[in-house]
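Colleague: First the structure, which I've put down as structure tokens, then a few questions once you've had a look.
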Amino acid sequence: MVAASTSGLGLETARALGAAGCEVVVSGRDPDRLAVAAEAVPNAHPVRGDVSTVEGAQRFVADALGALGGVDILVTNAGGPPPGDFASTPIEAYDAALQMNLVAMASMCKDTVPAMQARGWGRVVGITSTSVRQPMPNLILSNTARTGFTSFMKTLALEVAADGVTVNTVQPGLHLTPRVKEVYGGDVHEAAKALPAQTVGDARDFGQVTAFLCSEQAGYITGVALPVDGGRYVGLQ
């Protein structure tokens, strides 16, 4: 099951998993976009829903279980909260951002991982952002919420590793997606010139990376927070 998968990185992840032979639940709020995505993803099971709240995330898991009978792979994903810096962001905005990019994602794990543990096999991958390593300007809500979720995923990885369940996060940088276009407007390619790669990332390549972490071959990779960012993050760890 791939949350928020009617466009961008979620869609390309679902497409890669479907091409690898998985039965894939694709999800989104808009019925028209969901129908288009279901046509683009092999072996797709469309599920309409909003995963920005705990209640929506719980419904999504229930509907996915109904469609598939069981879940071996969970890819958490959600839209981003509104841009803003410390001065311009009201304190009331933090609750919705944490709900969408942390608590609802943790809820999906809570409702799927125990069954993976019982079966002795499972894959959980969270799509986050390189902002959890190197905060992005004017994205204080996203920087804050996604960093908390990354810590949750690392903790979960340590707790379930012995049960055959791997838990990782993938951290995109500037990929050409609707969200990035919303944040950067027409300056996406100009902003990418500051990266070592000097180009915008391809969402299809990102989907392949995420799908690999869901594979049998990646069974010894867990607790990893993997930047896929054209070299944006320059730290050693």
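The values are calculated or read from the model by the stated rules, or taken from the named source; none is laboratory data. As the structure is a prediction and not an experimental result, all values here were calculated from the model. Cβ coordinates were reconstructed from backbone atoms using ideal geometry, including for glycine residues, and neighbour counts include every protein chain displayed.
Colleague: Answer yes if at least one residue in segment 84-97 is closer than 29 Å to ALA67 by Cβ and over 16 Å from the mean Cα position of the chain (by Cα), and no otherwise.
Modeller: Scanning segment 84-97, I find at least one residue that is closer than 29 Å to ALA67 by Cβ and over 16 Å from the mean Cα position of the chain (by Cα), so the answer is yes.
Colleague: Let me ask another. Assess whether GLY21 counts as being of a type in the set (Gly, Ala, Ser), surrounded by fewer than 24 Cβ atoms within 10 Å (Cβ to Cβ) and more than 22 Å from ASP111 (Cα to Cα).
Modeller: yes
Colleague: Six or more apart or on different chains, Cβ under 8 Å: which pairs go from a residue in segment 92-105 that's over 18 Å from ILE127 (Cα atoms) to one that's among the β-branched types (Val, Ile, Thr)? Could you list them?
Modeller: From segment 92-105, the pairs are TYR94/THR144.
Colleague: Pick from THR166, THR130, THR155: which is surrounded by fewer than 16 Cβ atoms within 10 Å (Cβ to Cβ), among the β-branched types (Val, Ile, Thr) and under 22 Å from GLN237 (Cβ atoms)?
Modeller: Just a single option satisfies the conditions, and that option is THR155.
Colleague: What about SER151, is it more than 16 Å from LEU9 (Cβ to Cβ) and among the hydroxyl-bearing types (Ser, Thr, Tyr)?
Modeller: Spelling it out, SER151 is indeed more than 16 Å from LEU9 (Cβ to Cβ) and among the hydroxyl-bearing types (Ser, Thr, Tyr).
Colleague: Considering only residues that are in contact with a helix residue (DSSP H, G or I) (Cβ under 8 Å, 6 or more places away or on another chain), at pLDDT below 85 and in a helix (DSSP H, G or I), which ones fall in segment 191-233?
Modeller: Within segment 191-233, just ALA191 meets the criteria.
Colleague: Could you grab the pairs with beta carbons closer than 7 Å, sequence gap of 6+ or different chains, first residue in segment 70-90 and more than 29 Å from VAL24 (Cα to Cα), second one assigned to a loop (DSSP other than H, G, I, E, B) and modelled with pLDDT under 95?
Modeller: These pairs meet every condition: PRO83/ASN138; GLY84/ASN138; ASP85/ASN138.
Colleague: While we're looking at this one, here's another question. All but one of (1) of a type in the set (Asp, Glu); (2) surrounded by 15 or more Cβ atoms within 10 Å (Cβ to Cβ); (3) free of Cβ contacts under 8 Å to residues at least 60 places away in the same chain hold for GLU12; which doesn't?
Modeller: (3)
Residue by residue, here is whether (1) aromatic (Phe, Trp, Tyr); (2) touching a strand residue (DSSP E or B) at 6+ places or on another chain (Cβ under 6 Å); (3) within 18 Å of ALA115 (Cβ to Cβ) holds:
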{"site": "ALA38", "(1), (2), (3)": "no, yes, no"}
{"site": "ALA67", "(1), (2), (3)": "no, yes, yes"}
{"site": "THR76", "(1), (2), (3)": "no, yes, yes"}
{"site": "GLY80", "(1), (2), (3)": "no, no, no"}
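Colleague: Here's a follow-up. Could you tell me which of the residues VAL170, VAL165 is among the aliphatic types (A, V, I, L, M), out of contact with any Ser or Thr (no Cβ under 6 Å at 6 or more places or on another chain) and at pLDDT 70 or above? Working first, answer last.
Modeller: Numbers: VAL170 fails: out of contact with any Ser or Thr (no Cβ under 6 Å at 6 or more places or on another chain).
Within the list VAL170, VAL165, the selection yields VAL165.
Colleague: Are any residues in segment 197-237 closer than 21 Å to SER151 by Cβ and of a type in the set (Ser, Thr, Tyr), and if so, which ones?
Modeller: Matches in segment 197-237: THR210, THR222, TYR233.
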